[in-house]
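Just so it is clear, none of the values below were taken in a lab; they were calculated from the coordinates. Everything quoted here is computed from the prediction, not taken from an experiment. Note: ideal-geometry Cβ built from the backbone for every residue, glycine included; neighbour counts use all protein chains shown.
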Amino acid sequence: MKLSNSSSKQKLNVTIYGQHYAITGDESTDHIRHVASIVDDKMKEINKKNPLLDTNKLAVLTAINIVSDYVKLKERAEMLEKLLEKQTKSEQNEND
């Protein structure tokens, strides 16, 4: 979530893994709720597989998993953008 000093900030209280957080961001309240829900679900999923982890380690492992997914998606998006650029250039060359 992007944080800014603008007056359009959204403020929302969310619960993640039993802890309450006051979140302020530029995104819609639906987006903030959705993100918080994903984090909560991921923490619960990882906790089922690793029930002995303390909350701090669980949070770090959750962050690593979520960022890993993000990096994979970002790399895929970049690859698709390059493919699209290549295809567009190829089509332009055919039309010349």
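Quick check, is VAL71 surrounded by fewer than 13 Cβ atoms within 10 Å (Cβ to Cβ) and more than 22 Å from THR15 (Cα to Cα)?
Answer is yes for this residue.
If a residue must be touching a residue at least 40 places away in the same chain (Cβ under 8 Å) and in a helix (DSSP H, G or I), how many such residues does the range 11-58 contain?
Qualifying residue count for the region: 1.
Within the range 19-48, how many residues turn out to be closer than 22 Å to VAL60 by Cβ and of a type in the set (Asp, Glu)?
3
Out of curiosity, is GLY18 of a type outside the set (Lys, Arg) and exposed (fewer than 10 other Cβ atoms within 10 Å of the Cβ)?
Yes.
Check whether at least one residue in the range 28-47 is loosely packed, with under 10 Cβ neighbours inside 10 Å and not acidic (Asp, Glu), and report yes or no.
Looking for residues that are loosely packed, with under 10 Cβ neighbours inside 10 Å and not acidic (Asp, Glu), one finds none in the range 28-47, hence no.
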